Amino acid sequence: MAASSTAAPFPLPRPTDRPGADVVIYDGDCGICTAQVSKLPWWDCQGKLAYLSLHDSEVKERFPNLPHDRMMQEMVIVDHHGNRHWGPTAIRYLTWRLRRLWWAAPVLYFPGSMLVWRPLYRWIAKNRYRLSAKDCTTGACQLHIK
């Protein structure tokens with residue numbers, strides 16, 4: 001099991017800690033990604049989520065059909081039924097799945113709103129290492145900046 005370069009401020013529950021939970025797969029080398037994912041346990045008051053960095057070997061073991069290239073472009077949530085929710089659709093899924101995020105659902109589910117959310121998500125995802133490079137203490141961010 002590989003540890004992520006940018007650790008969360010406290011250990012996030014893993015799939016072995018929460019069998020049957022939806023699994024959030026995020027870029028553990030990305031400071032912005034790790035900072036945002038580390039906030040999810042507060043929103044997840046019912047313990048519905050488990051977490052893995054896409055760089056963790058457990059991802060390939062548990063989900064061998066998830067394309068690494070795509071995971072490098074956008075986060076994915078594999079729900080307890082095996083469905084995959086990618087990028088902004090994953091964020092939208094969280095507003096439905098997590099009780100404390102209900103208030104954000106109308107904005108994300110508003111008809112046509114994905115026309116805004118998809119390009120915004122893509123831009124942030126594409127520039128995430130550049131945006132978090134100043135806070136990157138491990139050097140992993142510099143490896144990904146082109």
Within segment 35-50, how many residues turn out to be out of contact with any Pro (no Cβ under 9 Å at 6 or more places or on another chain), outside any loop (DSSP other than H, G, I, E, B) and not aliphatic (A, V, I, L, M)?
3
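One line per residue, one yes/no per condition, for (1) in contact with a Ser or Thr (Cβ under 6 Å, 6 or more places away or on another chain); (2) touching a residue at least 60 places away in the same chain (Cβ under 8 Å); (3) among the aromatic types (Phe, Trp, Tyr); (4) closer than 18 Å to GLU74 by Cα:
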position: ARG14; (1), (2), (3), (4): no, no, no, no
position: VAL23; (1), (2), (3), (4): no, no, no, yes
position: GLY31; (1), (2), (3), (4): yes, yes, no, yes
position: LYS60; (1), (2), (3), (4): no, no, no, yes
Does ASP17 satisfy the criteria of being over 23 Å from ILE124 (Cβ atoms), at pLDDT 95 or above and among the acidic types (Asp, Glu)?
yes
Inside segment 51-139, counting only helices (runs of 4 or more DSSP H) that do not spill past its ends, which hold 3 or more residues that are of a type in the set (Val, Ile, Thr) and surrounded by 11 or more Cβ atoms within 10 Å (Cβ to Cβ)?
87-97
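The values are calculated or read from the model by the stated rules, or taken from the named source; none is laboratory data. Quick caveat, the model's predicted, so the values are computed rather than measured. Cβ coordinates were reconstructed from backbone atoms using ideal geometry, including for glycine residues, and neighbour counts include every protein chain displayed.
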